[in-house]
Amino acid sequence: MPKPEKTNKNLKVPFDSLTLCAVLTELTPQIVGGQIQEVRQPTPTEIQFSVRHQGETYWLVFSVDVRFARMHRIGVRSANPPTPPNFCMVLRKYLENGIVQSVVQRDFDRVVEIGILTKNAEGEATHVTLVGEFMGKHSNLILVRDNGTIIDAIKRISHRINRVREILPGSPYLSPPPQADRANPFDFSALASVAEAFSEETALTEATLSERLMQTFTGLSPFLAREIALRVLAQSGSLSENLTAVWIEIFGATAQGH
């Protein structure tokens, strides 16, 4: 096995699919069944709201900042602006007093769907979904009706900006395009194709291995692919054996909620 290359100390740790998965594993039992109480929008790109569940209050942040898109719990909430933005008012109308029913990560992507039982203008029970898409400059927070149409979004995207995926009130919500040619990382059988790619003329280095991993599996950030490659190259066994061991170490543990 070749020796691992020196790491770049300035390499940024991203809010990638694995990080989102870890956040949701911790967060889901804390908020599912809880009641949303207060919604705030301290900045144009950030929403905060509280969930009361089993005697505890949890504050969450959803940021669609281009550089730091993310969601997680927070210990201190930010102050409200003097006049709440329109999207904040929409969320207050639909989410406050609603019950969180589900929290789902879509296809090991940087997308979370939070299902909420609430009431419509007539006081009738209805379901809405708050969709958080944490994808760099394409990040967004979208509120969707149970019939699949968009109620509103923190970033409205017109047909002029994106001809394929318009995000406006009343438009049908379309999921971000999937990476159909890539395998789910929880499908260990796809590891064989990675090992086979290096059985002929392809040189095995940290760069070539991490690139091959990103081409093979969905949801792998450059950071995560490089971390996996470095762990694989640090071991003394065969590539196939090392890949399997590292995959179990990372995704086997993730599948069990660790």
Check on residue 253, out of contact with any helix residue (DSSP H, G or I) (no Cβ under 7 Å at 6 or more places or on another chain), of a type outside the set (D, E, K, R) and under 22 Å from residue 20 (Cβ atoms): yes
Test: residue in the range 218-233 that is touching a residue at least 24 places away in the same chain (Cβ under 8 Å) and touching a strand residue (DSSP E or B) at 6+ places or on another chain (Cβ under 8 Å): yes
The range 15-57, residues that are of a type in the set (D, E, K, R) and in a strand (DSSP E or B): 38, 40, 46, 52, 56
Residue within the range 198-210 that is surrounded by 15 or more Cβ atoms within 10 Å (Cβ to Cβ) and either closer than 18 Å to residue 105 by Cα or among the charged types (D, E, K, R) (or both) present: yes
Number of positions in the range 60-77 that are of a type in the set (D, E, K, R) and open to solvent by 90 Å² or more (accessible area, probe 1.4 Å): 3
Flag if residue 165 is basic (Lys, Arg) and open to solvent by 40 Å² or more (accessible area, probe 1.4 Å): no
Residue match in the range 222-244 (condition: within 21 Å of the chain's Cα centre (by Cα), β-branched (Val, Ile, Thr) and buried (at least 16 other Cβ atoms within 10 Å of the Cβ)): yes
Meets criteria (touching a strand residue (DSSP E or B) at 6+ places or on another chain (Cβ under 8 Å), farther than 22 Å from residue 155 by Cα and surrounded by 14 or more Cβ atoms within 10 Å (Cβ to Cβ)) for residue 94: no
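The values are calculated or read from the model by the stated rules, or taken from the named source; none is laboratory data. Only a predicted model underlies this, so the values are computations on that prediction, with no experimental measurement involved. Here the Cβ is made from the backbone with ideal geometry for all residues, glycine too, and neighbour counts use every protein chain on show. Quick note on the areas: whole protein, heavy atoms, side chains included, nothing else; ligands and nucleic acids left out. Shrake-Rupley method; radii C 1.70, N 1.55, O 1.52, S 1.80 Å.
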